[in-house]
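Below you'll find the structure, written out as structure tokens, and then a few comments.
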Amino acid sequence: MRKPDIRVGCCGFPVARATYFALFPVVEIQQTFYQPPTRETAERWREEAPPEFEFVIKAWQLITHEPTSPTYRRLRMPLGEAEKRQAGGFRWTGLVRQAWETICEVALVLQAQKVLFQCPASFAPTAENRERMRHFFRSIDRRGLTCIWEPRGNWQSPAIDELCYELDLVHCVDPFQSEPVTTGVRYYRLHGISGYRHEYSDEELKRLVGWCAPEAVNYVLFNNVNMFRDATRFQGMVQ
């Protein structure tokens with residue numbers, strides 16, 4: 001049986017970047033969700049990383065999250081009232097279009113090929129929200145980027161499958177919670193079985209190895225308090 005292609009990393013840099021780059025092949029950038037970095041900062045990250053190192057970008061919250069989200073406190077410039085009515089929920093507005101352009105510019109500098117769209121649990125599978133997604137993903141210039149979608153809340157597999165098929169999206173899941181509906185690329189985000197402070201046992205990590213498909217490229221990104229330690233242990237297992 002062919003050995004699975006498993007790429008292990010963390011959601012953010014839990015240690016100094018030089019240490020991280022020496023240990024892992026991929027990172028999911030979190031800063032782009034809160035406030036995208038300057039071009040100069042992105043250029044420095046790319047120069048510091050090995051040539052083969054991969055950056056995955058998390059889409060700016062202006063695209064996915066409503067302005068009532070507490071995450072907006074980390075915006076460098078707070079939104080005005082008119083801007084708040086344009087933000088979030090995949091609304092096809094000038095503000096959201098500019099947010100996408102900003103993400104594409106960062107992706108170009110980092111030579112990133114994938115963008116993760118993480119939705120809040122409040123983004124429910126209503127007819128309006130599904131149509132907003134259709135309009136957004138059919139309208140953007142993807143510039144060759146692979147779009148990865150992490151729905152949360154009460155989305156069910158048939159609705160997820162329908163949108164992923166229609167809009168050419170990769171389904172992101174926590175494999176301890178559900179299975180992906182798409183194939184080809186598997187994108188796992190590990191949030192902690194019992195919560196953010198969960199530390200994965202050896203047995204749990206062995207189960208995770210078994211969920212990585214030989215026919216797919218498997219991204220395994222840890223997003224818990226113990227992400228560095230768990231990712232390091234998992235990396236040792238797959239190597």
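Descriptive notes on the structure:
- Close amide-amide hydrogen proximity is noted between Cys172 and Trp149, Glu150, each under 5 Å apart and 5 or more residues distant or on a separate chain (H modeled in the peptide plane; Pro and chain starts excluded).
- Proxy reagent accessibility, fewest Cβ within 10 Å first, across Leu167, Leu190, Leu110: Leu167, Leu110, Leu190
- Sum of -39500 (n - 2.57) over DSSP H runs of 4+, divided by residues of the chain (222 nm, nearest 500): -11000 deg cm²/dmol
- Cβ-placed point charges (K, R +1; D, E -1), dipole of the chain about Cα centre in debye, nearest 20: 340 debye
- From least to most packed, judged by other beta carbons within 10 angstrom and beginning with the fewest, Lys114, Lys206 follow the order Lys206, Lys114.
- With the charge dipole of the chain set up from +1 on Lys and Arg Cβ and -1 on Asp and Glu Cβ about the Cα centre, the Cα lying farthest toward the positive end among the listed residues Val209, Thr183, Thr146 is that of Thr146.
- For segment 4-117: rounded, prolate or oblate by the Cα gyration tensor [a/c cutoff 1.5]: prolate
- The mean of 1/r over all pairs of different alpha-carbon atoms in segment 70-134, once inverted, gives a Kirkwood hydrodynamic radius of 13.6 Å.
- By the rule of a C-alpha distance below 15 Å, with chain neighbours fewer than 8 residues away ignored, the aspartates and glutamates paired with Lys58 are Glu28, Glu101, Glu105, Glu150.
- Kyte-Doolittle at least -0.5, axis length at least 20 Å by Cα - qualifying DSSP helices, the chain: 94-110
- Simple spin-label estimate for Val225 and Thr93 gives 3.7 nm between the two label positions (7 Å along the Cα-to-Cβ direction from each Cα).
- Kirkwood hydrodynamic radius (C-alpha pairs) into Stokes-Einstein, segment 123-239, 10 °C and 1.306 mPa s, D in µm²/s: 102 µm²/s
- Residues whose amide H falls under 5 Å from that of Lys58, counting only those 5 or more places apart or on a different chain, are Ile29, Thr32, Phe33, Leu116, with hydrogens built in the peptide plane.
- Debye intensity ratio I(q)/I(0), log10, segment 168-234, q values 0.11, 0.12, 0.28 Å⁻¹ (C-alpha model): -0.24, -0.28, -1.34
- Counting every other Cβ atom within 10 Å of each residue's Cβ, Leu79, Leu221, Leu95 order from fewest to most as Leu79, Leu95, Leu221.
- The spread of Cα positions in the chain, taken along each principal axis and listed from longest to shortest, comes to 51, 42, 33 Å.
- Diffusion coefficient, µm² s⁻¹, Stokes-Einstein with Kirkwood Rh over alpha-carbon pairs of segment 115-164 at 4 °C and 1.567 mPa s: 112 µm²/s
Quick note: the coordinates plus some simple rules give every number you see, no bench work behind them. Since this is a predicted model, take the numbers as computed values, not measurements. A quick note on method: Cβ atoms are made from the backbone with ideal geometry, for glycine too, and the neighbour counts reach across all protein chains shown.
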